[in-house]
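Participant: Structure in structure tokens, see below.
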Amino acid sequence: MEEKSNKSHVLVLPFPVQGHINPMVQFSKRLTSKESVKVTLITIDSVTKSMPILESGSIKIHSIPHNDETPPQSYDLFLEWFHVLVSKNFTKIVEELSDSEYPVKVLVFDSITTWAIDLAHDLGLKGAAFFTQSCALSVVYYHMDPEKNNICVFDDDGVCLPSLPLLQKQDLPSFVCQTDLYPSLKKLVFSRNINFKKADWLLFNSFDVLEKEVISWLRTQCRIKTIGPIIPSMYLDKRLKDDKEYGLSLFKPNSETCMKWLDSREIGSVVYVSFGSLANLGEQQMEELALGLMMSDFYFLWAVRATEENKLTEEFMSKSKEKCLIVNWCPQLDVLSHQAVGCFFTHCGWNSTLEALSLGVPMVAMPQWSDQPTNAKFISDVWQTGVRVKAGENGVVNRDEIASSIRRVMREEKGVMLKENAIKWKKLAKEAVDEGGSSDKNIEEFLKLVIN
Ligand code: UDP
């Protein structure tokens, strides 16, 4: 009889955008810290071409070629293209990577690629869905009606769902209220419920005390494992040696310029501004933001992606020189942990939110789309580590609102309370991932399961 290997090769399939790659790479590093587990991250050539190679001894990368065919730019078309490409290649990849010592046993797939569970099961592998968003989001989506593509009941008072605070329209994920902007993406988001039924494990980048009631409720419906916050070890528990960066960046950070500039600023005097890797601000919004930042009269470090840069006027660029540093991409974790940074002006992407909570930085929340409005609601009302800007009737947040929100966090009484809360969450985040913490225990448990 063939002997069963107690070692395992785990394949990890993130959806290839920065906010999904970061936590899944980081989780892979944690898995591969055990000798019994080998990890290969599956991605596509257009991603690996723009990335530095990971250090040896860490996770391996398998890049799927697409013959120089440029992936479609639109999300919707890209989703389908990615689905077809991975499906065509998956069996071959598993055959190539499996060996008798480390047989491929498990696929950890991005929960947005709902179709991946079938690929895994068809080949006799187990499948773990990895959620790169909060548990609260899953509770909202859990109550979506996939047929009608909408939430059950919604009236003027908002939506009341189990374990969640009352959510107004502005607090709901954009897919719920905005119809048909990204039909395929919306369909996939809602079909995530398939994961709850089919996946062998559900992994969430969150931690128990952060979303206590939400997680308790989800656990009455399905077995979920919280394994977060998944950020490089040096910023939290420091147990993975030299682990300071996620490791796979689609953008090149201007690290030296940023750190040098921050080094010359006083403690808590700088506002760090970033809208992550995907959000595009309208031209009018960009102008109001630029003027609001100037009006606040604090120093600011602003990450403006190259594709957004043309929205900044020459007048602003010359007037703001003394007050700010504008770069295309920042080493965000280094920036957030720099003592000069007093507040994070953020779009509230889930990674950015967890990073700010883990590093104890108070926030000004200016959500744009997807899960960000719901994250902003939790930041301002539940965790109370930030204030949320209010948009005008035209949907644009004006310069006065921007400047006064920054002042509330940086200067006023409210800011002191936010900072205290931020420090409290930082401590709790560390406890969760440190030895014996709730997330640490769940990862250890998962590691035992993947080798069987
Ligand atoms: N990030 C970075 N430098 C920047 C802006 C963002 O390293 O200048 C990283 C950030 O640390 C986070 C990720 O990019 O890990 C963005 O993920 P998030 O979920 O916050 O937002 P998304 O890009 O998915 O909207």
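Participant: Using a 1.4 angstrom probe on the protein heavy atoms only, line up H83, H347 by accessible area, largest first.
Facilitator: From most exposed to least exposed: H83, H347.
Participant: Subtract the Cα-Cα distance of D68 and K238 from 0.36 nm times their separation in residues, and report this length gain in nm to one decimal.
Facilitator: Result for the pair: 57.2 nm of gain on full extension.
Participant: Which GluC sites (Glu not before Pro) in segment 347-426 pass both tests, a DSSP loop state and at most 11 other beta-carbon atoms within 10 Å?
Facilitator: On the way: sites: E355, E393, E401, E412, E413, E420; in loops: E393, E412.
Loop-located and lightly packed - E393.
Participant: Any idea what angle helix 18-32 forms with the longest principal axis of the chain, computed on alpha-carbon atoms, 0 to 90 degrees, nearest 10?
Facilitator: For 18-32 against the chain, the angle is about 50 degrees.
Participant: With an 8 Å Cα cut-off and a minimum separation of 6 or more residues, compute the relative contact order for the chain in percent. The partial results should precede the final answer.
Facilitator: Numbers: 810 pairs, mean separation 73.6, N = 452.
Reported as a whole number, the value is 16 percent.
Participant: Order these peptides, 440-447, 215-222, by their mean beta-carbon neighbour count within 10 angstrom, highest first.
Facilitator: 440-447, 215-222
Participant: Also: Using a 1.4 angstrom probe on heavy atoms only, work out the carbon and sulfur share of the accessible area of the chain in %.
Facilitator: Result for the chain: 49 percent of the exposed heavy-atom area is carbon or sulfur.
Participant: Segment 277-340: which trypsin sites (Lys or Arg not before Pro) are DSSP loop and have at most 12 other beta-carbon atoms within 10 angstrom?
Facilitator: The qualifying sites are K321.
Participant: Along the charge dipole of the chain, which of F378, F316, F82 sits closest to the positive end, that is, farthest toward it, with unit charges on the beta carbon of Lys, Arg, Asp and Glu (+1, +1, -1, -1)?
Facilitator: F378
Participant: Mind checking the angle between helix 75-97 and the chain's longest principal axis? C-alpha axes, 0 to 90 degrees, to the nearest 10.
Facilitator: 40 degrees
Participant: Next question. So, with +1 on the Cβ of K and R and -1 on the Cβ of D and E, and no other charges, what is the size of the charge dipole of the chain about its Cα centre, to the nearest 20 debye?
Facilitator: Result for the chain is approximately 840 debye, rounded to the nearest 20.
Participant: Now for a different question. Extending each Cα 7 Å along its Cβ direction at S184 and D45, get the distance between those two points in nm, one decimal.
Facilitator: Computed distance between label sites S184 and D45 equals 2.0 nm.
Participant: Is it possible to state the helix-based mean residue ellipticity at 222 nm for the chain, with each DSSP H run of 4+ residues giving -39500 (n - 2.57), the sum divided by total residues, to the nearest 500 deg cm²/dmol? What is it? Walk me through the numbers before you get to the answer.
Facilitator: Working: 18 runs with 182 residues, N = 452.
Dividing the helical sum by the residues of the chain leaves -12000 deg cm²/dmol.
Participant: Please compute the per residue accessible area over the chain with all protein chains in place, 1.4 Å probe, rounded to a whole number of Å².
Facilitator: I get 45 Å² per residue for the chain.
Participant: May I pose another question? Provide the solvent-accessible area of W115, counting protein heavy atoms only and rolling a 1.4 Å probe, rounded to the nearest 10 Å².
Facilitator: Estimated to the nearest 10 Å², W115 gives 30 Å².
Participant: Relative to the first principal axis of the alpha-carbon coordinates of the chain, what is the inclination of helix 413-433, with its axis defined by its Cα atoms, in degrees from 0 to 90 and to the nearest 10?
Facilitator: The answer is roughly 10 degrees.
Participant: Continuing with this model, one more query. Going by accessible area, probe 1.4 Å, with all protein chains left in place, what is the ranking of D122, D400, largest first?
Facilitator: Highest to lowest solvent-accessible surface, that is D122, D400.
Participant: In segment 45-136, what GluC sites (Glu not before Pro) fall in a loop by DSSP, with at most 14 other Cβ atoms inside 10 Å?
Facilitator: E55, E69, E101
Participant: Still on this structure, I have one more. Give the relative contact order (percent, whole number) for segment 192-305; include only Cα pairs under 8 Å separated by 6+ residues. Mind dumping the intermediate values first?
Facilitator: On the way: 77 pairs, mean separation 20.6, N = 114.
Relative contact order for segment 192-305 comes out at 18 percent.
The values are calculated or read from the model by the stated rules, or taken from the named source; none is laboratory data. Bear in mind the structure is a predicted one, so any value in this text is a computation, not a measurement. Neighbour counts run over all protein chains shown; Cβ positions are idealised from the backbone, glycine included. Keep in mind that these areas ignore ligands, DNA and RNA; they rest on the heavy atoms of the full protein, side chains included. Shrake-Rupley method; radii C 1.70, N 1.55, O 1.52, S 1.80 Å.
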